[in-house]
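Beneath this line is the structure, given in structure tokens, with notes to follow.
The values are calculated or read from the model by the stated rules, or taken from the named source; none is laboratory data. None of the values given here were measured: they were computed from a predicted structure. Neighbour counts are summed over all protein chains in view; Cβ atoms, including those assigned to glycine, are modelled from backbone coordinates with ideal geometry. Surface accessibility is based on the protein's heavy atoms, side chains included, excluding ligands, DNA and RNA. Shrake-Rupley method; radii C 1.70, N 1.55, O 1.52, S 1.80 Å.
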Amino acid sequence: MWRVVEFLAKYGNLLLFLFLQLVSFLIIINVNSPHRETSQAVLLQLSGKVSAAYSSVTNYFGLGAENERLQAENTELKNRLLALSNELDAWKSTTRVPNSFSVLPDSLIPSMGYYFMPCKAINNTTDHNYNYITLNKGARHGVTKGMGVLSPQGVAGRVIEVSHDYSLALSVLNLKFKLSCKLLRIQGLGVLSWDGSKPEIALLNDIPQTSGLQEGDTVVTSSYGTTFPENFMVGRVSHFDTRNGDGTYYIEVELSSQFRSLNNLYLVGHRDAPQLDSLEALPEKEQ
Amino acid sequence: MSIVRHIAAFFLFVFLQVFLFNKLSLIMNDRIHLIVVFLLMLPFAMNPALLMITAFFTGFAVDLLSHNLFYGVHSFAAVLMVWLRRPWVSLFTNRVTFRNPEDFDIRGQTLSWVFYYLLFLIFVHEFTYYMLDKFSFAQFHITLFKTVMGTLLTLFVSYLVFFLFYRTRK
């Protein structure tokens with residue numbers, strides 16, 4: 001006890017100085033937005049390097065299973081590619097437009113702006129209220145804010161921060177995450193969010209009780225927004241009831257992505273995203 | 001000066017800084033930080049811990065009341081400046097004048113001593129302030145220019161304030 005008092009008497013002023021400077025510095029980098037963005041990019045770089053090193057060791061133990069899963073996905077993709085090119089050939093032959101794509105069916109045009117980028121999750125949590133996924137691609141690979149993150153089974157999140165070599169994505173399992181989705185069979189539009197209770201279940205809102213909803217209905221991404229292309233798997237309706245009092249169903253969606261074992265992921269970007277975002281921001285500015 | 005006069009000076013300096021001197025700027029947003037005069041004129045015999053806490057809250061009060069400045073920058077610069085006060089004075093003052101920190105009277109010093117006292121500490125304050133404001137080393141020559149101009153302006157005003165209000169004639 002006496003040693004503590006001696007220590008405080010000798011170094012007390014220095015400690016107080018460092019403490020006050022630390023408090024001031026934390027206020028500066030957390031409260032002011034330009035400073036926050038700069039410092040968060042730097043901190044993401046540092047934590048990204050640590051996470052990358054750690055995950056490169058742990059990934060080694062799951063390589064066998066991951067290989068098998070990737071093989072299966074490759075096969076399925078090759079099959080889909082084959083089916084699509086057959087369909088395209090059939091369509092070309094019936095409308096007699098040789099070699100030119102000047103007239104395209106509507107369903108192809110919106111998807112033309114999207115491009116995919118493979119990446120890996122080097123850090124991921126599922127047990128907090130605000131879960132984030134750290135990805136091993138950053139600004140130098142062309143990642144931008146707002147890009148979507150897909151797992152092999154479906155939607156996994158959206159990128160919110162980008163540093164030079166790494167980026168941070170909001171997981172679907174985050175109270176701040178919202179996604180515009182639709183029901184595939186009955187074409188109803190709603191907003192997907194997470195309520196923080198279970199890592200497999202998310203909630204779908206704004207589906208009216210007059211729609212013919214059934215358990216097992218597929219929930220997919222809608223065409224709204226530039227984060228994801230249309231018709232990408234989100235999950236299946238596992239339960240719904242009328243506990244909301246406002247004429248919409250309370251719907252629980254079982255998410256198709258396996259969040260506890262995220263490994264190889266895909267980033268989805270839209271080539272015209274900056275143009276669309278600035279266009280949609282115009283009405284707000286004029287108000 | 002009694003405690004009451006120091007507390008009154010605190011409010012006066014903070015209000016002057018926020019409502020007058022924060023709106024003035026000569027070139028490229030360099031600012032006159034009058035608040036440093038208040039902090040540098042606090043008695044040497046003051047408990048260093050209390051002095052640093054006062055500096056922190058002075059800086060924080062200026063930050064809070066100025067709506068368009070960054071939070072926390074004034075308090076960081078003020079605490080740093082106040083902490084360097086004692087080492088700097090013991091560095092450049094001869095042993096005859098600076099025998100005992102507790103008895104040292106800032107207000108009774110010669111004008112040239114006050115000039116050097118203010119010059120270094122104001123430079124440290126301004127440099128820290130503009131570096132934190134910018135928060136990057138891009139265009140460092142601009143930051144340095146703002147520091148020098150800010151130091152000169154603040155030094156001029158602080159020296160004037162000392163000459164008119166704080167000096168005790170021997």
Take the conditions at pLDDT below 90 and within 14 Å of chain A (Cβ to nearest Cβ) and apply them to residue B:43. Does it pass? no
In this structure, does residue B:132 turn out to be aliphatic (A, V, I, L, M), out of contact with any Cys (no Cβ under 9 Å at 6 or more places or on another chain) and open to solvent by 40 Å² or more (accessible area, probe 1.4 Å)? no
Condition (residue is modelled with pLDDT of 90 or more, surrounded by fewer than 15 Cβ atoms within 10 Å (Cβ to Cβ) and of a type in the set (A, V, I, L, M, F, W, C)) applied to region A:173-186: is it met by at least one residue? yes
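Yes or no, residue by residue, for (1) in contact (Cβ under 8 Å) with a residue 12 or more places away in the chain; (2) under 23 Å from residue B:28 (Cα atoms):
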{"residue": "B:110", "(1), (2)": "no, no"}
{"residue": "B:125", "(1), (2)": "yes, yes"}
{"residue": "B:133", "(1), (2)": "yes, yes"}
{"residue": "B:139", "(1), (2)": "no, yes"}
{"residue": "B:142", "(1), (2)": "yes, yes"}
{"residue": "B:145", "(1), (2)": "yes, yes"}
{"residue": "B:157", "(1), (2)": "yes, yes"}
{"residue": "B:164", "(1), (2)": "no, no"}
{"residue": "B:167", "(1), (2)": "yes, no"}
Residue satisfying condition, being assigned to a helix (DSSP H, G or I), small (Gly, Ala, Ser) and facing chain B (nearest Cβ under 7 Å), within set A:39, A:24: A:24
Across region A:193-217, what is the number of residues that are at pLDDT 90 or above and hydroxyl-bearing (Ser, Thr, Tyr)? 1
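Here's the yes/no breakdown for (1) within 11 Å of another protein chain (Cβ to nearest Cβ); (2) open to solvent by less than 70 Å² (accessible area, probe 1.4 Å); (3) in contact (Cβ under 8 Å) with a residue 24 or more places away in the chain; (4) touching a Lys or Arg at 6+ places or on another chain (Cβ under 9 Å):
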{"position": "A:2", "(1), (2), (3), (4)": "no, no, no, no"}
{"position": "A:13", "(1), (2), (3), (4)": "yes, yes, no, no"}
{"position": "A:31", "(1), (2), (3), (4)": "yes, no, no, no"}
{"position": "A:43", "(1), (2), (3), (4)": "no, no, no, no"}
{"position": "A:50", "(1), (2), (3), (4)": "no, no, no, no"}
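I need the full set of residues from region B:102-111 which are under 13 Å from residue B:45 (Cβ atoms) and either assigned to a helix (DSSP H, G or I) or open to solvent by 90 Å² or more (accessible area, probe 1.4 Å) (or both), in order please.
Quick first cut of region B:102-111, residues under 13 Å from residue B:45 (Cβ atoms) only: B:102-107.
Correct list: B:102, B:103.
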State all residues of region A:140-169 that are in contact with an Asp or Glu (Cβ under 8 Å, 6 or more places away or on another chain) and in a loop (DSSP other than H, G, I, E, B); if no residue qualifies, say none. A:145, A:146, A:152
Would you mind finding the one in B:26, B:80, B:12, B:16 that is more than 14 Å from chain A (Cβ to nearest Cβ) and under 19 Å from residue B:127 (Cβ atoms)? B:26
Select from region A:263-280 the residues that are among the hydrophobic types (A, V, I, L, M, F, W, C) and open to solvent by 30 Å² or more (accessible area, probe 1.4 Å) and list them in ascending order. A:276, A:279
